[in-house]
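A short write-up of the structure that comes next.
The values are calculated or read from the model by the stated rules, or taken from the named source; none is laboratory data. Since the structure is predicted, the reported quantities are computational estimates derived from the model, not experimental observations. All Cβ positions, even for glycine, are placed from backbone atoms using ideal geometry, and neighbour counts span all protein chains on display. What goes into the accessible areas is simple: the full protein's heavy atoms, side chains included, and nothing from ligands, DNA or RNA. Shrake-Rupley method; radii C 1.70, N 1.55, O 1.52, S 1.80 Å.
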Amino acid sequence: MGKADTEQLVRLLRSHPRAGSDLLCRLMGGINRSTLARMLQALGDSVVRRGGSRRIRYALRRSLRGKAGGIPLFAIDETGAGREIALLDLTQPQGSALAYAEAFAWPVEGDTADGWFEGLPYPLIDMRPQGFIGRNFARRHALDLGVAENPDLWSEDDLTQVLASHGHDQPGNLLLGEAAFRRMLEGRRSGGSPPLADAEIEAAYPQLAADALAYGLAASSAGGEFPKFTAARRMGEHVQAVIVKFSGAGDTPAERRWSDLLVCEHLAARILAPELGVDAAPSTVHRFAGRSFLEVQRFDRHGEFGRSAVCTLASLNPALLGLSAPWPKLAEALQRRGCLAGADVEKIARLWWFGRLIANSDMHDGNLAFRPGLSLAPAYDMLPMAYAPLRGGELPAYTYQPELPLPREAQTWRQAAAAAQTYWQRCADDTRISADFRRQCESNAQSLQRLPAP
C-alpha cells in the first residue's frame, strides 16, 4: 500500500461518493476488505463514514470556508434545555451526512436513515432566512458573513455558514454549530428586550415597525412578504413570542387593503377550529399610529426560552415525495408512505378547500407546517391574498368565482363552503374592515350561497 494507492482511493471517493466496501475493493483492483480498511484508516478524518455493519459507506469530507470537522446539531426543548442530537459532516462533491446521537424527530428512510442527505438535512432548510425579515437579515449581515445580500442566491455552503454562526433564533428548535448555541446563551444572559405588557405595545409597536422598515431587524427568519417584526409579550403570568405583521401608516387604497387583509387573516384563524376542526395560531388585531398590527402567537416558542420542532411541507415534499401537487394530494401521498394519519389528511383537505373558497391564492408548501410525528401544526397565513395590492400599489381586478368539487371531494367541500360563507359574512360585518371591501365580502358570501349543492 503506497502513495499511489492512497491517491487512487481518494480519486475513487471523489468520483463515487457514498461508495461501499465491495465497490471500492472492486474498483481498487480486487483488494480485500482488510487492505481497504487500512487505506481508509490512513486517510483519517478526511473520510466520512455512515451506516452500520455491511451498509457502511464512505465519502470525502468537504470543508466549510477552509474549516474541516463535524458541526454539532442541537435541539432546544419546551423548557429551554438544549442537547446535542447529531453531528453534521459536509461531503464531497455535495450533500451532507448526519451521525445521529438519538432517534431523529423527522421521517428518514433508505440513505437518510443511515445519515446521508443529498443536500443539507431537510429540517434545516426551513431555517434559511426568507421573506421580509430574512431579506433584512441578509442585507444587514451579508458583508460580515461573506454572502450575497439576497438569501435566495446563497449556496448550500453559504447557508451552512450563516446558520452555524448566526442561526440562533431560527424557526423551530434546531441550532447548528457551537457558535450559534453560544449566541443563544448570550442572548439569555444579557436578558435582551423585556417582554412587552399590554400597556406598552401602543408605543412599542409603531417604533418596532419603523425600525423594521428603516433598518431591518436581525430577528427570527419567519417567511412571508408582509412587513413584520418579532417580539416577546407578557400575557398574564407567562411570556409569549409573537410575530407581528403590520400595514402602512397612510390612507391610500393599497394601505387600506393591506389593513383589511390583516383583519381578514385574524377572522380566518378564529373560524378554523370551531367550523373545521383545524387548530390555528391565535392572533389579535391592534390599531396604533395609523397602522393595523396583526399579532400572531408563535407555536414553535414556549415561555422565555422554550422551543419546539416544526417542519414545513416545502422541506418535507422534496425530501420524501418530490411531487408538484396541491396540499390534499401531497397529504394523501404522505399517508400512503405511512407518515401521516388519516385524520390530518382530512383536516388538510378541509383547510385547502377553505383557502380556495376564501380566495387564498398563496397556499404554497411553506404555508403548511408539521410537528414531529408527523402531525399537523396550527394553521397560519390563511387570508384572501387574491385581493392583495399589486407590486405597484394598484388594487387587483379580481373576480370571485368559487370552485365546485369533484364527486369524491363533495363532502369536504360542503364543510369548507359552510365555513367560508360564515367567514365572508363575518368579514362583511366587521367595521375594522373598510366599507368598500366589506361590500366585496358581502358579495362573496352571496355568490357562495348561490352555488348549486355538489
Pick from region 412-454, criterion of a type in the set (Gly, Ala, Ser) and without any contact (Cβ under 8 Å) to a residue 24 or more places away in the chain, ranking: farthest from LYS329 (Cα to Cα): ALA435
Qualifying positions in region 186-199 - part of a helix (DSSP H, G or I) and under 19 Å from ASP300 (Cβ atoms): GLY187, ARG188
Hits in region 255-286 - residues which are among the acidic types (Asp, Glu) and free of Cβ contacts under 8 Å to residues at least 40 places away in the same chain: GLU255
Enumeration of residues in region 149-174 that are assigned to a loop (DSSP other than H, G, I, E, B), crowded, with 21+ Cβ neighbours inside 10 Å and of a type in the set (S, T, N, Q): GLN170, ASN173
Single match in ALA416, ALA410 (criterion: aliphatic (A, V, I, L, M), open to solvent by less than 20 Å² (accessible area, probe 1.4 Å) and in contact with a Gly (Cβ under 9 Å, 6 or more places away or on another chain)): ALA416
Wholly within region 331-450, helices (runs of 4 or more DSSP H) carrying at least 3 residues that are touching a strand residue (DSSP E or B) at 6+ places or on another chain (Cβ under 9 Å): 342-357
Residues of region 242-279 satisfying the condition of being open to solvent by 20 Å² or more (accessible area, probe 1.4 Å), of a type in the set (Asp, Glu) and under 27 Å from ALA416 (Cα atoms): GLU275, ASP279
Tally of residues being under 18 Å from LEU208 (Cβ atoms) and either in a loop (DSSP other than H, G, I, E, B) or aliphatic (A, V, I, L, M) (or both) across region 251-265: 1
Selection from region 109-129 of residues that are within 16 Å of the chain's Cα centre (by Cα) and not aromatic (Phe, Trp, Tyr): LEU120, PRO121, PRO123, LEU124, ILE125, ASP126, MET127, ARG128, PRO129
Residue in region 183-194 that is of a type outside the set (Lys, Arg), touching a residue at least 12 places away in the same chain (Cβ under 8 Å) and touching a helix residue (DSSP H, G or I) at 6+ places or on another chain (Cβ under 7 Å) present: no
Boolean, ARG233 is more than 20 Å from the chain's Cα centre (by Cα), of a type in the set (D, E, K, R) and open to solvent by 20 Å² or more (accessible area, probe 1.4 Å): no
Filtered residues of region 63-88 (kept if open to solvent by 10 Å² or more (accessible area, probe 1.4 Å) and touching a Gly at 6+ places or on another chain (Cβ under 6 Å)): ILE71, PHE74, GLU78, THR79, LEU87
Contacts under 7 angstrom Cβ, first residue in region 389-411 being under 17 Å from GLY355 (Cβ atoms), partner open to solvent by 80 Å² or more (accessible area, probe 1.4 Å) and not in a loop (DSSP other than H, G, I, E, B), 6 or more apart: GLU403/ARG356
Failed condition for GLY216, given (1) open to solvent by less than 20 Å² (accessible area, probe 1.4 Å); (2) at pLDDT 95 or above: (2)
Search result, residues across region 357-373 that are more than 13 Å from the chain's Cα centre (by Cα) and crowded, with 21+ Cβ neighbours inside 10 Å: LEU357, ILE358, ALA359, ASN360
Filtered residue count, region 287-316, keeping only those that are assigned to a strand (DSSP E or B) and either without any contact (Cβ under 8 Å) to a residue 12 or more places away in the chain or among the charged types (D, E, K, R) (or both): 5
Residue list for region 378-395, filter: closer than 21 Å to HIS364 by Cα and open to solvent by 30 Å² or more (accessible area, probe 1.4 Å): TYR380, ASP381, MET385, LEU390, ARG391
Selection within region 1-48 - part of a helix (DSSP H, G or I), open to solvent by less than 60 Å² (accessible area, probe 1.4 Å) and closer than 21 Å to GLY66 by Cα: VAL10, LEU13, LEU43, GLY44, SER46
Answer from ARG135, ARG139, ARG128 - the residue that is in contact (Cβ under 8 Å) with a residue 24 or more places away in the chain, open to solvent by 30 Å² or more (accessible area, probe 1.4 Å), touching an Asp or Glu at 6+ places or on another chain (Cβ under 6 Å) and over 30 Å from ILE56 (Cβ atoms): ARG139
Hits in region 280-321 - residues which are open to solvent by 40 Å² or more (accessible area, probe 1.4 Å), among the aliphatic types (A, V, I, L, M) and farther than 20 Å from ALA199 by Cβ: ALA314, ALA319
